[in-house]
1. In a solvent-free Debye calculation with one equal scatterer on each Cα, what is log10 I(q)/I(0) for the chain at q = 0.10 Å⁻¹, listed in the order of the q values?
2. With every protein chain left in place, what is the accessible area of Lys86 in Å² (1.4 Å probe, nearest 10)?
3. So for the range 192-278, what are the equivalent ellipsoid semi-axes in whole Å, largest first, each being the square root of 5 times an eigenvalue of the Cα gyration tensor?
4. Tell me, what % of the accessible area of the range 211-340 is carbon and sulfur with a 1.4 angstrom probe?
5. When only Cα pairs under 8 Å and 6 or more residues apart are kept, what is the percent relative contact order across the chain?
6. Per residue, how many Å² of accessible area does the range 3-189 show with a 1.4 Å probe?
7. Run the simple label-point estimate for Val89 and Phe412 please: 7 Å along Cα→C-beta, distance reported in nm.
8. Which sequence of Ile349, Ile313 reflects their accessible areas, 1.4 Å probe, from the largest down?
Amino acid sequence: MNTVEKEYVDQESDRYSPSLETLTDKLIFAVGVFTGTLCIYFLYTRPVTEVEYTNAYIGLMFVLYFLLEAYRVPSVDNWSYKTWAKNVVFVVAMIAGIAGILYVQVMYDALAYERFAIYTTADTLAGAGILFATVVATHRAFGNIITGVVLFVIFFTVYGQYFPGILNHSGDSWTNWVSMTTLEFTGVYHMISQIGGTWIFIFLLWAGLIEELDFLEVLFDIGFLFGSLVKSGVAQTAVVASMLMGSITGSPMANIAVTGSFTIPLMKERGLSGRLAGAIESCASTGGMVLPPIMGSVAFIMANFLGIPYADIIIAAAIPALLFYGAIMVSVHLIVTNYPSDLNVDREIDRNTIIKKGTPMALSLIALIYMLVELRYPPGISGVYAIAILGISQLGVLAVVSDDIVAQFKQFAVQVIRGLVTGSVRMAPLTIILAGMGIVITSFNYTGMGYRISLSIVSLAAGSVILLLVLVMISAIVLGMGMPTVAAYLVTVTLIAPAMVEVGFAEITAHFYVFYFAMLATVTPPIALGPAIASQIAEADFIQTALTAAKISIPLFLLPYIFAFNEELLLIDGWNTAITFVQTMIGFVIICYVLFSSFSRWDRPARIGIRSTLFGTAFLILFSSQIIALIA
């Protein structure tokens, strides 16, 4: 396992569990509750500008991330010289960054309305401190690859005159660069950071409350209920539970760590290998990023990039998400039913208990979807109301069913506080990556690099749409292997997606195409961050787990091509969408049958011709219009 994987795995397996045992714990609690409450208060009242709030929010997240790292570090007695140096640099960077944030907060009016690009030395030092902290924290949280991208972009922007070919530009001075990425409220304060501090953060708080109020048990019960209806049993329980959890958290890694710690041992107990159990969990958890209504951080950023309501993103994502999970369920069913294992669900599931316990979450979710899709409320205020409905309805249920109301209300208050802490803790590293990506996007826009690279890709494709799509796919997957999905999406969509628009694809199609492949990089060897975490839980070989996950995902790698050529799957078009959906699902079922059923074994040469014929039939079904166009 390489360094990048180890850093991610360690981060997810070492997830912070709220407690009040030490001073660091208490400080994490205090900062987490305050930051979460501040987000809710700002979205409800809007007392200051969004940029001013974003500065305060980033500063608090710097503090929270610093405390989380202090919580995780081993005893000082075990530090090597390298560890000492690394931690001293981190502490200095955090102090510089937090001091810079405080300076900007105090001087905000002067910087925003009076300076007009004529900054003092103190201003520049404050901005440099914020940049330094962002780069060091990015390295601490996400490793060398993404930090290398950020550093390359910084040096490329300042010293562009020394770069060859399409990378060459006039360059800039260090002071101008610092001013542009901090003091002028772009870069670190780019729109994606503002979205992170509002829309994304509020839904992570909502997810944190759902987790701490014990609604995850309801999701598992729903999974067990579905698993009891099919022969593949507990394997489908894992798929459904991970799907539902992923639709709330929107984070594949967190999803694997939370649901996988339960579903993977369960599948192993029933006879599935650790390799297969880890692969199933990896694929199912990864898809949570494309399942409405939350869809992780990428969907909020996509809505902002496209300048359309978030509700339109939800609607566009719905059909591909159904195809995604339909393919996974069929694949898993065909694979596990070949195993000599007892997958039956032997747990009694009381539907009335599910309804009673899950009512607050269901009401909150229904209200959220109604506000986003029907009322077209902004995601921020919709999230605030969803949290309020969740809390009020949970209190109502407790008042009706509890014998000791006072004790239950006290427990509810503790759970709410823990939920705010959980949401804030999960937002801290995401804040850092968004700030780092804000620097990258600002650089690309300033130097015109995105436009030039897009033109080069169009030229390289030489008029071939298929070749163009393959180049975009490779770029998104390669970037996604070494970065979080949101970072890979941001880089690829800024540099390469415009090439798809240039040759006639709709903007939303280009964004979803990049998004899907950046997400599928999570299960793509050799890095495969999802299977890296799942294999540790399953105590299985990482490479074997990753290869199995990639095999299960084969139909999913075709899905972006399908909706690129059949845009009615994204841009809902009545019967055309319905017919294409059915056609695609039939094609997926055939491919899954050939790949994963008992018929798929190669031990009889006579089957090779039949399998090839079925594969050909599936491709004719999936790409019939394109094949007809090529023939014509």
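1. Values returned for q = 0.10 Å⁻¹ are -0.93.
2. Lys86 has an accessible surface of roughly 100 Å² with all protein chains in place.
3. Value: 28, 14, 10 Å, ordered largest first.
4. C and S fraction of accessible area: 63 percent.
5. 19
6. With the other protein chains kept in place, the range 3-189 gives 48 Å² per residue.
7. Rounded to a tenth, the inter-label distance reads 5.0 nm.
8. Ile349, Ile313
The values are calculated or read from the model by the stated rules, or taken from the named source; none is laboratory data. Predicted model only: the values in this text are computed from it and were never measured. With ideal geometry, Cβ positions are generated from the backbone for all residues, glycine too; neighbour counts draw on all protein chains shown. For accessibility, only protein heavy atoms count, side chains too; no ligands or nucleic acids. Shrake-Rupley method; radii C 1.70, N 1.55, O 1.52, S 1.80 Å.
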